[in-house]
1. Would you say residue 45 is part of a loop (DSSP other than H, G, I, E, B) and within 20 Å of the chain's Cα centre (by Cα)?
2. Taking the stretch 172-226, which residues are aromatic (Phe, Trp, Tyr) and not in a strand (DSSP E or B)?
3. Restricting to the stretch 198-219, count the residues that are buried (at least 18 other Cβ atoms within 10 Å of the Cβ) and free of Cβ contacts under 8 Å to residues at least 60 places away in the same chain.
4. Read through the list (1) in a helix (DSSP H, G or I); (2) buried (at least 19 other Cβ atoms within 10 Å of the Cβ); (3) among the small types (Gly, Ala, Ser), then give the number of the only condition that residue 73 fails.
5. Any idea which of 194, 169 is outside the structural domain of residue 81 (by TED's automatic domain parsing) and crowded, with 18+ Cβ neighbours inside 10 Å?
6. Tally the residues that are under 20 Å from residue 237 (Cβ atoms), surrounded by fewer than 17 Cβ atoms within 10 Å (Cβ to Cβ) and not aliphatic (A, V, I, L, M), restricting the search to the stretch 96-134.
7. Residues in the stretch 172-184 that are touching a strand residue (DSSP E or B) at 6+ places or on another chain (Cβ under 9 Å) and surrounded by fewer than 19 Cβ atoms within 10 Å (Cβ to Cβ): how many?
8. Answer yes if at least one residue in the stretch 26-34 is at positive phi and either within 25 Å of the chain's Cα centre (by Cα) or at pLDDT below 95 (or both), and no otherwise.
Amino acid sequence: MVAVSRAGARAATDEDWRALSASLRSRHRPGDLIAFAPAWIDPLGRRFLGDLIPLDMAGRMDAARYATIWEVAERGARSPDAAGLDAADQSAFGALVLRRYTQRAVAVATDFTAALAGARTTGRSRGRPTVSLEEVDFAPRRCVLVVPAPDQTVRITYPGALLGASLVGYVGLADVFTRRDVREPARLVVSIDGRPVADVTVGVEDGWVRFSAPTTARAGATVEFAATAVGPRARDRRVCFAAEARR
């Protein structure tokens, strides 16, 4: 049975948080995702539940890998991680609501962020591309960080990649201070065996932008991510992207 209760308009108290934390901990299993809504309660949520949120989970590309999602919400907010899902159950703890969602987790053939060490890089950039935990749209993202020289393109090529039924990824501009001072966009073109399958231009207000393309499951594909700092004034354009080949 789904227990439905409406949270009050008051702000959540420490007592609310402690009660919710005790309930969630009694049911949480390793690998379950915890998401906070609205996003601005995230720091407070981590005070009570942060030990259940490892860095890779905090910097997740999206929620598709997680079979169970726990949504901690205040004032009627909903998390984008649970978009399109129906709550399996729901409980109120003062001003807080805890919802549990289940879904079929995607299977990943290749995580291109994790596989960066096997890629080759060409083009002018500030340093080599790295795997990093970056701020994008005021949220942490584990991504490949590449900083092309102004008006230049850096190509990151993965030879012999294993593909599934789709290639799904996200791209955004890292670092709030750089976004404030440098307003030029970036572009990311994704190609498989020399054929473009996604082309995204991302600006300073766009956040974490999703792209996807259908693929044929096979081994030995050459997948390239070409990141461009658009324009001669696009200095220190910190392009952050993550992508997965999904079965």
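The values are calculated or read from the model by the stated rules, or taken from the named source; none is laboratory data. As the structure is a prediction and not an experimental result, all values here were calculated from the model. Positions of Cβ are backbone-derived with ideal geometry, glycine not excepted, and every protein chain shown enters the neighbour counts.
1. Values: part of a loop (DSSP other than H, G, I, E, B): no; within 20 Å of the chain's Cα centre (by Cα): yes.
So residue 45 fails the test.
2. Of the residues in the stretch 172-226, the ones aromatic (Phe, Trp, Tyr) are 177, 208, 211, 225.
Scanning the stretch 172-226 gives 177, 208.
3. Within the stretch 198-219, the first condition is being buried (at least 18 other Cβ atoms within 10 Å of the Cβ), and the residues that meet it are 198, 200, 202, 204, 208-209, 211, 215.
From the residues that got through so far, the ones that are free of Cβ contacts under 8 Å to residues at least 60 places away in the same chain too are 198, 200, 202, 204, 209, 211, 215.
Qualifying residue count, the stretch 198-219: 7.
4. (1)
5. Numbers: 194 fails: crowded, with 18+ Cβ neighbours inside 10 Å.
Only one candidate passes the filter, namely 169.
6. 9
7. Selection size over the stretch 172-184: 3.
8. From the stretch 26-34, those at positive phi are 31; that's our starting set.
Restricting the remaining residues to those that are either within 25 Å of the chain's Cα centre (by Cα) or at pLDDT below 95 (or both) gives 31.
Checked the stretch 26-34: at least one residue is at positive phi and either within 25 Å of the chain's Cα centre (by Cα) or at pLDDT below 95 (or both).
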